[in-house]
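The values are calculated or read from the model by the stated rules, or taken from the named source; none is laboratory data. Keep in mind that this is a model prediction, so the values were computed, not measured. Here the Cβ positions follow ideal geometry from the backbone for every residue, glycine too, while neighbour counts run over all protein chains shown.
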Amino acid sequence: MTLRNTSDIDWHELTDRAYTPSPAAWEDQVFYFLMVDRFSDGKEKHYLDLKGKVVEKGTTPLFQPRDEGTAERAAWTEAGRGWCGGTLKGLESKLGYLKRLGVTAIWVSPIFQQVAFQPTYHGYGVQDFLSIDPHFGTEADLRRLVDRAHAVGIYVILDIILNHSGNVFSYRPDRYWVPQGDSGYFDPRWDGQPYPVAGFHDAKGLPSLPFAPSEEAWPYGAIWPEELQNPETFSRKGRISNWDHDPEFREGDFCDLKDIHHGSGDVGAFEPSAAFLALVECCRYWIASADLDGFRIDTVKHMELGATRLFASMIREFTQTLGKEKFFLLGEITGGRERAFDTLEMTGLDAALGIDDIPDKLEYLVKGYRNPSDYFGLFRNSMLVNKDSHVWFRDRVVTLFDDHDQVRKGKGKARYCAGEQGRKSILSVMALNALTLGIPCVYYGSEQYFNGAAEAEADGNDVFLRECMFGGPFGSMQSRERHFFNEESPAYAELARILALRAEKLALRRGRQYLRPISGNGIDFGVPEMLGGELRSLVAWSRILDRQEILVAINTDCDQARTAWVTLDAGLQREHFELTCLYSTDATRIGQKVMVEPRNGRAVSLTLQASGVEVWE
């Protein structure tokens with residue numbers, strides 16, 4: 001049924017079904033973030049289906065090394081700026097690929113109906129919060145995707161936007177004249193005061209519709225559901241120009257995306273607006289309709305803390321009635337770790353998306369340009385909670401090293417594998433992400449060496465981070481019409497082995513974490529640190545759960561093997577006891593043993609190949 005108003009929802013009929021319960025612990029899960037438009041169009045051939053059988057009926061062949069760089073650069077780049085053709089049905093067809101990789105939860109980019117006149121393929125320009133965009137498919141497609149994902153043990157987290165809508169109206173600005181040639185224009189930038197509005201946009205992007213509830217706007221004009229067409233839905237204070245100025249970053253528009261007024265009051269006495277309550281109803285609808293397992297909430301920094309807190313409370317109450325006791329609420333909270341922690345504490349969100357310092361330290365630790373203690377120190381002994389020890393952020397942060405925005409890199413945006421060093425060390429960063437504290441998340445294409453990077457003239461454009469897995473007009477490595485669902489890719493195959501070991505060993509999912517001192521001579525031990533601005537060394541850490549210790553080590557040297565003595569827990573390891581290699585990027589070492597020696601309490605000597613990874617127990 002087409003819904004134009006949240007009052008049209010028949011909640012009794014909608015919720016008359018059984019729902020999938022939440023997992024016992026979200027830290028046991030492995031996330032995979034994908035952009036629907038860029039993942040799969042369902043037309044690939046020679047990939048493996050859910051049962052592991054080769055699919056022959058498609059039209060798009062598998063990418064081969066000879067295909068790199070074959071697309072004409074300008075046309076390829078332009079194709080990346082618009083819709084490319086990925087669908088929910090295409091995603092459903094690749095559940096086997098994800099399952100065999102070891103993924104247990106997929107984070108799906110927003111799928112709601114976008115403004116009709118802009119190519120907001122990414123999904124963050126919503127025009128109708130109660131409809132699926134036809135580019136992605138239908139509501140039935142979403143339900144079937146979630147049902148089949150659940151059948152193979154994969155949860156579904158949907159990306160949602162509460163802070164803003166798409167570009168659904170135009171201002172009639174009356175101040176801040178900007179000269180341009182012989183003429184100029186008024187720039188509607190934030191100054192704390194509202195601007196007059198020309199009207200809601202029609203399907204062509206013209207402000208021809210009245211800025212008021214209007215049936216004539218259906219279906220691609222103005223904004224839906226109808227409750228949101230009230231002018232008081234929007235702050236109407238113009239675009240943000242200073243992203244760190246409060247209240248500008250809360251009240252202003254996110255570029256041309258229009259800020260939604262959520263209400264007023266402090267955290268403890270927040271009074272929601274009618275628009276906020278309508279958005280909550282929309283979110284409840286999609287949970288009930290599709291049996292979703294969680295939300296990733298976009299741009300939380302730009303929302304009132306009281307609105308975020310009330311949203312978390314209302315959604316959690318609703319999901320408990322469906323038997324989803326741990327419905328997952330993940331917030332995108334930019335602005336640094338302290339802001340992220342404070343937001344979690346004050347709002348009740350489950351976890352923060354690590355998009356600032358965590359991906360920076362993950363990437364550049366492995367590439368040899370960050371001290372290991374900077375990364376490992378993020379997870380414990382935090383003064384943010386005014387405690388000195390045994391404070392572990394094991395399930396309160398989702399960690400990743402690649403993502404679709406890379407806000408931390410400014411104009412220098414690039415995927416991890418954009419350079420030779422990244423391609424050589426991709427397994428090390430995957431292991432560091434998967435086998436340390438936090439909930440690990442893989443950004444689509446990383447397991448296939450995607451190497452997107454912004455050109456200098458592109459001014460840091462996000463487009464190059466969003467290549468198509470299915471090829472289409474914008475395949476990675478400057479290719480076209482070649483898909484990347486290659487389960488024989490070394491990165492895919494090795495990551496699958498690492499994630500299988502993580503699933504098998506509880507300590508690798510829930511254990512405490514300790515960065516281990518190392519030594520070159522077996523006498524002088526210390527935590528590895530950069531020398532001369534570089535780190536070319538083993539980096540090792542232990543995960544300890546009860547009486548079990550598992551040791552993990554990586555080599556940050558991409559060009560040669562490195563050897564070091566690595567400290568172990570003296571209370572758990574006995575002298576002359578042997579550790580067994582559970583995993584190594586050098587397959588010949590798996591099953592080998594190493595003797596525990598009485599050095600620095602207890603230690604073992606390890607030699608890892610260039611960019612190597614090993615796990616010992």
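Data overview
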{"read-out": "Residue match in the range 445-455 (condition: outside the structural domain of Leu608 (by TED's automatic domain parsing) and over 21 Å from the mean Cα position of the chain (by Cα))", "value": "yes"}
{"read-out": "Identity of the residue in the range 448-459, in contact with a helix residue (DSSP H, G or I) (Cβ under 7 Å, 6 or more places away or on another chain) and assigned to a loop (DSSP other than H, G, I, E, B), that ends up modelled with the lowest pLDDT", "value": "Ala454"}
{"read-out": "Considering residues of the range 94-149 that are among the charged types (D, E, K, R) and in contact with a strand residue (DSSP E or B) (Cβ under 6 Å, 6 or more places away or on another chain) only, the residue surrounded by the fewest Cβ atoms within 10 Å (Cβ to Cβ)", "value": "Glu139"}
{"read-out": "Top-ranked residue of the range 311-363 - restricted to ones that are buried (at least 21 other Cβ atoms within 10 Å of the Cβ) and of a type in the set (Gly, Ala, Ser), ranked as modelled with the lowest pLDDT", "value": "Gly354"}
{"read-out": "Top-ranked residue of the range 32-80 - restricted to ones that are within 28 Å of the chain's Cα centre (by Cα) and hydroxyl-bearing (Ser, Thr, Tyr), ranked as nearest to Cys441 (Cα to Cα)", "value": "Tyr32"}
{"read-out": "Any hit, the range 144-163, residues being in a strand (DSSP E or B), over 23 Å from the mean Cα position of the chain (by Cα) and touching a residue at least 24 places away in the same chain (Cβ under 8 Å)", "value": "no"}
{"read-out": "Test: residue in the range 297-305 that is in contact with an Asp or Glu (Cβ under 9 Å, 6 or more places away or on another chain), surrounded by 20 or more Cβ atoms within 10 Å (Cβ to Cβ) and under 30 Å from Ala18 (Cα atoms)", "value": "yes"}
{"read-out": "Leading residue by the ranking (surrounded by the most Cβ atoms within 10 Å (Cβ to Cβ)) among those in the range 198-209 that are in a strand (DSSP E or B) and either small (Gly, Ala, Ser) or not assigned by TED's automatic domain parsing to the domain that holds Phe234 (or both)", "value": "Gly199"}
{"read-out": "Residue satisfying condition, being within 30 Å of Glu44 (Cα to Cα), in contact (Cβ under 8 Å) with a residue 60 or more places away in the chain and not in a loop (DSSP other than H, G, I, E, B), within set Ala553, Ala540, Ala491", "value": "Ala491"}
{"read-out": "Only listed residue being within 21 Å of Cys283 (Cα to Cα), among the basic types (Lys, Arg) and in a helix (DSSP H, G or I), chosen from Lys326, Lys301, Lys361", "value": "Lys301"}
{"read-out": "Residue that is farthest from Phe117 (Cα to Cα), among those in the range 212-226 that are crowded, with 21+ Cβ neighbours inside 10 Å and in contact with a Pro (Cβ under 9 Å, 6 or more places away or on another chain)", "value": "Glu226"}
{"read-out": "Any hit, the range 190-197, residues being outside the structural domain of Asp128 (by TED's automatic domain parsing), out of contact with any Pro (no Cβ under 6 Å at 6 or more places or on another chain), hydrophobic (A, V, I, L, M, F, W, C) and buried (at least 21 other Cβ atoms within 10 Å of the Cβ)", "value": "yes"}
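Yes/no per residue for (1) surrounded by 15 or more Cβ atoms within 10 Å (Cβ to Cβ); (2) under 19 Å from Ala151 (Cβ atoms):
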| position | (1), (2) |
| --- | --- |
| Leu48 | yes, yes |
| Glu56 | no, no |
| Arg66 | no, no |
| Ala71 | yes, no |
| Ala74 | no, no |
| Glu78 | no, no |
| Leu91 | yes, yes |
